[in-house]
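Presented below is the structure to which this report refers.
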């Protein structure tokens with residue numbers, strides 16, 4: 001009982017600290033956004049885009065400091081990929097929780113260009129954060145149901161247009177483009193509804209990453225594929241706020257992107273479409289095996305620790 005109250009007390013304190021941190025930096029952000037809107041494009045790219053990235057970086061660094069020095073999770077990170085802030089990176093990961101985003105920033109922040117995510121369009125209206133994503137040129141995607149697309153077939157290419165528009169901006173300066181291939185967070189109910197062939201994952205969607213490769217293929221030399229595992233339980237955002245996170249495992253593998261993926265047309269070339277989808281399927285099959293291996297190793301480590309402590 002006391003432990004639960006203590007955890008929720010940390011959560012309330014964290015929420016207040018996050019709100020204060022966001023409001024302070026948000027005031028500077030809105031000034032930068034106003035100047036961005038009224039300034040010529042060449043000056044925006046040279047002056048205000050870097051300023052907005054700096055403000056966003058300060059926001060992220062404050063959160064990461066809180067996570068590492070207040071919550072103190074046990075990180076297990078295997079990332080052999082050397083990173084450079086002057087390069088372009090294409091990233092993907094399995095998606096289970098909002099916490100994944102902060103895990104990825106822990107992994108790549110200040111080591112690679114600022115991460116740019118594909119965001120659901122509805123999140124654009126979150127105060128301060130939504131406007132920050134807009135100012136950072138995060139691509140906002142709208143998912144239409146199959147029934148809606150039957151009635152409005154003209155909307156079928158909207159996501160492609162948004163991806164292409166975002167990638168035009170990404171091509172101007174070094175960027176880390178992050179795409180959760182599953183398109184949504186993993187839950188047991190979604191897993192069952194999809195009849196997913198994977199034990200720990202939802203089915204991946206190849207379209208978004210295919211269009212990104214087509215638009216920026218000559219910039220990327222490989223795909224950085226992060227596998228995130230929370231062996232104790234999948235934490236919610238409130239779990240993170242309460243410090244209810246123990247072990248976090250992250251492994252990053254580097255996979256070459258076939259050169260011809262950027263030369264063809266995913267929409268109109270059935271052979272290329274199948275090849276890209278098969279490539280993504282192989283990535284997900286290996287990721288599923290990696291998650292099982294990490295979970296098994298974690299369980300064995302706990303059993304060995306318990307055995308030693310019993311002596």
Candidates 14, 39, 97; GNM for the chain (alpha-carbon contacts under 10 Å) flags as most fluctuating 39
hull vol. (C-alpha, convex hull) per residue for the stretch 32-91, Å³ -> 123 Å³
So what does the Cα-only Debye profile of the stretch 73-306 read at q = 0.14 Å⁻¹, as log10 I(q)/I(0), no solvent term? -0.98
Residues 290, 269 arranged by fewest to most Cβ contacts within 10 Å: 269, 290
Contact order normalised by residue count of the stretch 73-306, Cα under 8 Å, 6+ apart, percent: 28 percent
Order of 35, 272, 20, 107 - criterion: other Cβ atoms within 10 Å of each residue's Cβ, fewest first: 20, 35, 272, 107
Using DSSP, restrict attention to beta bridges with both residues in the chain and report what percent are antiparallel, rounded to the nearest 5. 30 percent
Wrap a convex hull around the Cα atoms of the stretch 182-244, take a quarter of its surface area, and give that in square nanometres. 6.2 nm²
Ranked by Cβ crowding within 10 angstrom, fewest neighbours first, how are 30, 249 ordered? 30, 249
For the chain, modelled as a GNM with alpha-carbon contacts under 10 angstrom, which of 71, 125, 186 fluctuates the most? 125
Under a Gaussian network model of the chain whose springs join Cα atoms within less than 10 Å, the largest fluctuation of 99, 173, 53 belongs to 173
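Laboratory data are not the source of any read-out in this text; all were calculated from the coordinates shown. Computed from a predicted structure; not experimentally measured. All Cβ positions, glycine included, derive from the backbone under ideal geometry; neighbour counts span all protein chains shown.
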